[in-house]
There are 2 protein chains.
Amino acid sequence: MGKPSIPKGTRDFLPKQMARRNYIFNTAQIVFKKFGFQQIETPAIENLSTLTGKYGDEGDQLMFKILNRGDKFKKAVDHGEKESDFAELALKYDQTVPLARFVAQHQNEIVFPFKRFQIQPVWRADRPGKGRYREFYQCDIDVVGTDSLICEVEFIQVFYEVLTALKIPDFNIKINNRKVLAGIAEVIGEVDKIIDITVAIDKLDKIGIEKVNEELASRGLSQKAIDQLQPLISFEGSKQEAFSFLRTFLKSSETGMKGVEELAYIVDYCSELNIDKCLTLDLTLARGLNYYTGAIFEVSCKNFKGSICGGGRYDGLTDQFGLKGIGCAGISFGADRIYDVLEENNLFPQDDMDGLDVLFVNFGLKEEHYVMTFVQQLRSKGLSVEVFPTAAKMKKQLSYADYRNAKHVVMIGENEMNSGTIRVKNMLSGHQEDCLFDDFFQKL
Amino acid sequence: MGKPSIPKGTRDFLPKQMARRNYIFNTAQIVFKKFGFQQIETPAIENLSTLTGKYGDEGDQLMFKILNRGDKFKKAVDHGEKESDFAELALKYDQTVPLARFVAQHQNEIVFPFKRFQIQPVWRADRPGKGRYREFYQCDIDVVGTDSLICEVEFIQVFYEVLTALKIPDFNIKINNRKVLAGIAEVIGEVDKIIDITVAIDKLDKIGIEKVNEELASRGLSQKAIDQLQPLISFEGSKQEAFSFLRTFLKSSETGMKGVEELAYIVDYCSELNIDKCLTLDLTLARGLNYYTGAIFEVSCKNFKGSICGGGRYDGLTDQFGLKGIGCAGISFGADRIYDVLEENNLFPQDDMDGLDVLFVNFGLKEEHYVMTFVQQLRSKGLSVEVFPTAAKMKKQLSYADYRNAKHVVMIGENEMNSGTIRVKNMLSGHQEDCLFDDFFQKL
């Protein structure tokens, strides 16, 4: 038998990593609840038909599909040719499409606006790499059932509060609007090429302006259209200057002008609420997924390549599940990337989040039974307490105490049993003393 | 397009169900941590080779397998015949085998005894039915790396504390020992039939003694052996009487006698700790899985068929992953069944666990912007607060407040803006009053 291992792109989370991940999720949850978001969960497995075609061709290819069983499997072996002959179920690819399915399916059990948060794993058969996994958690909030721009404003507030609570260094919330991008495609006479334009422009940070222009050309944009795009791609200036620029540039596009007004409304609202200092207007922000229809967000921070959060408005996503004309918007926190930022910047709380309060050394069965009432009393106080399970060598027991970050080690051997005292070692100071259990109990 | 749906045997959890499930998991976690258990997670997806053959033939058949992709898929289509030609990965079937794999894989990163808890979904392609799902959560604690019987005693304490905290009515922790069952097989001359005997005896509660005897015969036990089993199957008496009976019955079996002494030690320990009143010795308790080697547990409660918790000792499970001779034991809380018990007995906390503290009615954009500073102040106090996103009809906004179990509804229209007051409706009492925001803020 080979060495035990797990599939590539998946991870085990050891206790310390788990405690740190929980710290991130708990911090986020506290904020989500303050803003009225309620938690739901959807199954890991969805019907393949629910997911197919919602993420583009690449998404369909990267989906993990579940092998049919029994007669269906036999039939596929005899006659099957393509993956969908062998599978009716798939692992979910994100939380957004399942949310749209959920809302359509449960529309009579919920009341709109439906504000929910969801923290669950998703799966993508992507090429694994640094910070890229095949199984990873998404931590999302979404509002379904309204097109009010107060949603976007609240998302910015939530970004601000969660990232501030986590002490993320110099985070920057970038905002743009898909209607503005659509307007641009309209103005430069390339309406059909809106997806090509967004895909190419989205790479500006990574590949630079020249490569973007090459990609636009290779995607079939006319040289004239590319020329027209240049002032936009290279725009620099304040938010208000950007709005002036756009109002001129997009004058002839109704959609584009609507996008500008949405952006301006959100930005002004944030300045009223005093949270606009971390908000940047980024006219080249596009985001990959095609379902966005309004505001789009991405959050970056100091010394980290790529975004740590994202999101946007995606009105109408429930249409394909039979619930028409519903406003939807949401954002997502990239838990793995936030974890890396906190670790690299040493920002996890110093005090051990998963440590033991007291370890009782085990000197033998008689002593073990004797200490049990003390153990029970300390646990009933809510403390995390263990007795080492066997009378192993002291060195082994103390190295366990170290590994578990025990705050106190209590030693009760025959002498202590006779004198009715306990010996306590404070593992932080190294100080050791004999005292009565009651005094120790009171002090903790 | 058909109605949106999810695969059979899977579930969506709406906010209320989610809050209730979290109540169960949180209650359990608080106890787990007091006993020194640390949380870990393992991936949903394991290598098929890790899981195959660990759960018997039925387990292998009920495993959800992931369809190979790309070249591997093409190869399988051309030459594949059996499921394993089409899949290298599978969804995990329980948490115990992945834990054994985890411990073997990370043996140099952890220190023994390794006490961990894990709350994650598992998947089984079982026939769905009442209380039986294809995707369900397991909530487990295990100790790996010691054969000390203090583990078993602590498991009984944990059962006791969690089920007491949840107010589960009249729960009964049944205990038996696999070594006792092995000894019985030895004494009646049917060592090879130990699995047949446990499988048949395990059904006593469900099918009665006559059917059990029929099944024993059909599984090839001699009539003499079946006759010898009768005093055991029909045994009734106190724990101490049971031990006397077993010490005579199993006199000639070393393994059997070891099992009796383990049982007696655990039972005495629990009586010292004053938690033996909910502990019953059940000589016919067998449990289905073959990996158990020592104590086995099952917990039942009033007015509920079947068990709500289970577990036992399964020394040596890590052997097959290359880590030999390690003691292991664990227990599992059946979250779905506990949920049903709490719901049927109306035992969930009355006070809404997921309600809104304050809903601000939206009278229009001017009023919305005006109330935002109040909203921010209340949220900074940790309260859950929403502004209705649009100036919808009052009736709609109030019915949303009802749905969200809002404690207070605040109305600030033009009059209130002019007078600098707010109108607050207490949704519980129905009482409505005008006051200053500061007074409301202080009172909350």
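The rows are residues; the columns are (1) at the interface with another protein chain (Cβ under 10 Å from one of its Cβ atoms); (2) closer than 20 Å to B:His431 by Cβ; (3) among the basic types (Lys, Arg); (4) open to solvent by less than 50 Å² (accessible area, probe 1.4 Å).
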{"residue": "B:Gly355", "(1), (2), (3), (4)": "yes, yes, no, yes"}
{"residue": "B:Leu378", "(1), (2), (3), (4)": "yes, yes, no, yes"}
{"residue": "B:Ser384", "(1), (2), (3), (4)": "yes, no, no, yes"}
{"residue": "B:Asp402", "(1), (2), (3), (4)": "yes, yes, no, no"}
{"residue": "B:His408", "(1), (2), (3), (4)": "no, yes, no, yes"}
{"residue": "B:Met417", "(1), (2), (3), (4)": "no, no, no, yes"}
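Could you tell me which numbered condition A:Lys54 fails, if it satisfies all but one of (1) facing chain B (nearest Cβ under 7 Å); (2) in a loop (DSSP other than H, G, I, E, B)?
(1)
Which of the residues spanning the stretch B:225-236 are without any contact (Cβ under 8 Å) to a residue 24 or more places away in the chain, assigned to a helix (DSSP H, G or I) and open to solvent by 50 Å² or more (accessible area, probe 1.4 Å)?
If the condition is that a residue be without any contact (Cβ under 8 Å) to a residue 24 or more places away in the chain, assigned to a helix (DSSP H, G or I) and open to solvent by 50 Å² or more (accessible area, probe 1.4 Å), then B:Asp227, B:Pro231 are the ones that fit.
Keeping to the stretch A:48-64, report how many residues are open to solvent by 30 Å² or more (accessible area, probe 1.4 Å), touching a residue at least 12 places away in the same chain (Cβ under 8 Å) and touching a Ser or Thr at 6+ places or on another chain (Cβ under 8 Å).
Final tally of qualifying residues: 1.
Of all helices (runs of 4 or more DSSP H) completely enclosed by the stretch B:163-220, which ones contain at least 3 residues that are charged (D, E, K, R)?
By residue number, B:178-187, B:204-218.
State whether one or more residues within the stretch B:312-321 are open to solvent by 20 Å² or more (accessible area, probe 1.4 Å), within 12 Å of chain A (Cβ to nearest Cβ) and over 20 Å from the mean Cα position of the chain (by Cα).
yes
Out of all the residues in the stretch B:12-71, which are aromatic (Phe, Trp, Tyr) and touching a helix residue (DSSP H, G or I) at 6+ places or on another chain (Cβ under 9 Å)?
B:Phe13, B:Tyr23, B:Phe25, B:Phe32, B:Phe35, B:Phe37, B:Tyr55
Could you tell me whether A:Phe304 is open to solvent by 20 Å² or more (accessible area, probe 1.4 Å), among the hydrophobic types (A, V, I, L, M, F, W, C) and not in a helix (DSSP H, G or I)?
Yes.
Residue under question is B:Asn26, and the condition is that it be crowded, with 17+ Cβ neighbours inside 10 Å, without any contact (Cβ under 8 Å) to a residue 40 or more places away in the chain and more than 7 Å from every other protein chain (Cβ to nearest Cβ); does it hold?
No.
Name every residue in the stretch B:69-108 that is facing chain A (nearest Cβ under 7 Å), among the basic types (Lys, Arg) and assigned to a helix (DSSP H, G or I), in order of residue number.
Correct list: B:Arg101 only.
Could you say which residue among B:Glu161, B:Glu190 is at pLDDT 90 or above and under 17 Å from the mean Cα position of the chain (by Cα)?
B:Glu161
Hey, among B:Phe102, B:Phe112, B:Phe117, which residue is on the phi < 0 side of the Ramachandran plot, open to solvent by 20 Å² or more (accessible area, probe 1.4 Å) and touching a residue at least 24 places away in the same chain (Cβ under 8 Å)?
So the residue among B:Phe102, B:Phe112, B:Phe117 that is on the phi < 0 side of the Ramachandran plot, open to solvent by 20 Å² or more (accessible area, probe 1.4 Å) and touching a residue at least 24 places away in the same chain (Cβ under 8 Å) is B:Phe112.
Residue under question is B:Lys34, and the condition is that it be at the interface with chain A (Cβ under 10 Å from one of its Cβ atoms) and open to solvent by 10 Å² or more (accessible area, probe 1.4 Å); does it hold?
So B:Lys34 fits the description; yes.
Kindly check whether there is at least one residue in the stretch A:140-155 that is more than 23 Å from A:Leu246 (Cα to Cα), part of a loop (DSSP other than H, G, I, E, B), touching a residue at least 12 places away in the same chain (Cβ under 8 Å) and away from chain B (no Cβ under 14 Å).
no
Going by what's in this entry, would A:Ser271 be described as open to solvent by 20 Å² or more (accessible area, probe 1.4 Å), part of a helix (DSSP H, G or I) and within 24 Å of A:Val162 (Cα to Cα)?
yes
Identify all residues within the stretch B:65-79 that are open to solvent by 10 Å² or more (accessible area, probe 1.4 Å) and not acidic (Asp, Glu); write none if there are none.
Answer for the stretch B:65-79, where residues must be open to solvent by 10 Å² or more (accessible area, probe 1.4 Å) and not acidic (Asp, Glu): B:Lys65, B:Asn68, B:Arg69, B:Gly70, B:Lys72, B:Phe73, B:Lys74, B:Lys75, B:Val77, B:His79.
Which one of these is away from chain B (no Cβ under 12 Å), outside any helix (DSSP H, G or I) and more than 27 Å from A:Asn22 (Cα to Cα): A:Ile331, A:Ile326?
Answer to the selection: A:Ile326.
Can you confirm whether the stretch A:248-256 contains a residue that is of a type in the set (Gly, Ala, Ser) and closer than 26 Å to B:Leu365 by Cβ?
yes
Just one of the numbered conditions (1) touching a residue at least 40 places away in the same chain (Cβ under 8 Å); (2) open to solvent by less than 70 Å² (accessible area, probe 1.4 Å) is not true of B:Ala391; which one?
B:Ala391 satisfies all of (1) touching a residue at least 40 places away in the same chain (Cβ under 8 Å); (2) open to solvent by less than 70 Å² (accessible area, probe 1.4 Å) except (1).
Within the stretch B:340-352, is even one residue touching a strand residue (DSSP E or B) at 6+ places or on another chain (Cβ under 8 Å), open to solvent by less than 10 Å² (accessible area, probe 1.4 Å) and on the phi < 0 side of the Ramachandran plot?
no
Condition first: charged (D, E, K, R) and under 26 Å from A:Arg404 (Cα atoms). Now tell me which residues in the stretch B:1-41 satisfy that.
Result: B:Lys33, B:Lys34, B:Glu41.
Assigned to a loop (DSSP other than H, G, I, E, B), out of contact with any strand residue (DSSP E or B) (no Cβ under 6 Å at 6 or more places or on another chain) and within 10 Å of another protein chain (Cβ to nearest Cβ): which single residue out of A:Pro43, A:Pro4 fits that description?
Of A:Pro43, A:Pro4, the one residue that is assigned to a loop (DSSP other than H, G, I, E, B), out of contact with any strand residue (DSSP E or B) (no Cβ under 6 Å at 6 or more places or on another chain) and within 10 Å of another protein chain (Cβ to nearest Cβ) is A:Pro4.
Pull up the stretch B:122-133, narrow it to residues that are touching a residue at least 40 places away in the same chain (Cβ under 8 Å) and either away from chain A (no Cβ under 12 Å) or touching a Leu at 6+ places or on another chain (Cβ under 9 Å) (or both), then point me to the one that is most open to solvent (accessible area, probe 1.4 Å).
B:Arg132
Here's the yes/no breakdown for (1) more than 34 Å from the chain's Cα centre (by Cα); (2) modelled with pLDDT of 95 or more; (3) surrounded by 12 or more Cβ atoms within 10 Å (Cβ to Cβ):
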residue: A:Leu204; (1), (2), (3): no, no, yes
residue: A:Gly208; (1), (2), (3): no, no, no
residue: A:Val212; (1), (2), (3): no, no, yes
residue: A:Gly220; (1), (2), (3): yes, no, no
residue: A:Ser238; (1), (2), (3): no, no, no
residue: A:Phe243; (1), (2), (3): no, yes, yes
residue: A:Leu246; (1), (2), (3): no, yes, yes
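If I go through the stretch A:202-218 residue by residue, how many of them are among the β-branched types (Val, Ile, Thr) and either in contact with a Leu (Cβ under 8 Å, 6 or more places away or on another chain) or on the phi > 0 side of the Ramachandran plot (or both)?
1
Just checking, which of A:Ser332, A:Ser419 is more than 30 Å from A:Pro121 (Cα to Cα) and of a type outside the set (Lys, Arg)?
Of A:Ser332, A:Ser419, the one residue that is more than 30 Å from A:Pro121 (Cα to Cα) and of a type outside the set (Lys, Arg) is A:Ser419.
The values are calculated or read from the model by the stated rules, or taken from the named source; none is laboratory data. Predicted, not measured: the structure shown is a model, and the values here were computed from it. A quick note on method: Cβ atoms are made from the backbone with ideal geometry, for glycine too, and the neighbour counts reach across all protein chains shown. Heads up: the accessible areas ignore ligands, DNA and RNA and are worked out on the full protein's heavy atoms, side chains in. Shrake-Rupley method; radii C 1.70, N 1.55, O 1.52, S 1.80 Å.
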